[in-house]
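To keep things clear, I will list the structure first and then write my remarks on it.
Read-outs throughout are calculated quantities, based only on the coordinates presented, and are distinct from any laboratory measurement. Owing to the predicted nature of the structure, the values given are computational and were not obtained by experimental measurement. Using ideal geometry, Cβ is built from the backbone for each residue, glycine included, and neighbour counts are taken over all protein chains shown.
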Amino acid sequence: MQQTISQLIKQRKISQIKTDFINNMTHEFKTPIATINLALDSIKNPKISKHPEMLKRYHKMIRDENKRMHAQVENVLRISKLEKNELDISKERLKLHDIIQQAITHVELIVKNKEGYIKTHFEAKKSSILANESHFTNVIVNILDNAIKYSTNEPKIDIYTENVKNYIVLKIADQGIGMSTSVQKRIFEKFYREHTGDVHNVKGHGLGLAYVKQIVDDHHGEITVESEKGKGSTFIIKLPLIS
């Protein structure tokens, strides 16, 4: 009898993991698909079709988001390898400000379509870090992605940088629905999602922020979040500078 109960519990856990995995992968595809659809709609606009530079820009967006969808599939393997210390992430000297600007291009069309904004406030005089460009761009895109999803009205996102001793501190602040203290404690867990009201209304985080934390840790950085229900959230990343 005890063995039967144990097997049932095990089967239930496996079933829940499968469900969480499907929900997470579905979520990870939503932003790039939305961007591709918006870009395609723009290309079909007669006003845009007369401007080769604009067409070129939207074609690039479609290509970039297609690549990002492929990268999201790889995220599953990446997290597994990171946890086993098997993933060798090559790093080079990069400017964090450049990485932030690159990340913004992945979501700016969605933000514009929702009549919101992303504003940068680069106060840091030094922004050179040792980083992997692809992985760290994904880190910032994931945080911006959640800021957009958790904004009930138009997304209003402010990005700040400052130097503190031998570090650069990055803050990404939104004016969304915010989160409770209990949620803040769990958002970097793999597959964790906050259920908002209706049990089927499950939004961001999940695989995305687990991956974010793993990558920040691998870059010898720290990530924290400050939030309050109804007053938005601010993600804070602290990274060592290189001279």
Exercise. Spin-label point model (7 Å from Cα, Cβ direction): what's the residue 171 to residue 134 distance in nm?
Worked result: 3.3 nm
Exercise. Taking the simple approach of a point 7 Å from Cα along Cα-to-Cβ for both residue 113 and residue 228, what is their distance in nm?
Worked result: 3.3 nm
Seminar exercise, completed: On the formula 1/(1 + (r/R0)^6), with r taken between the Cβ atoms of residue 125 and residue 90 and R0 of 22 Å, the FRET efficiency rounded to 0.05 is 0.20
Problem set entry | Built amide H within the under 5 Å cut-off of residue 91, gap 5+ | none
Exercise. Once label points are set 7 Å from the Cα along Cα→Cβ at both residue 37 and residue 67, what is their separation, rounded to one decimal in nm?
Worked result: 2.4 nm
Problem set entry | Residue pairs, from the table 112/231; 44/229; 56/126, whose Cα atoms sit over 29 Å apart | 44/229; 56/126
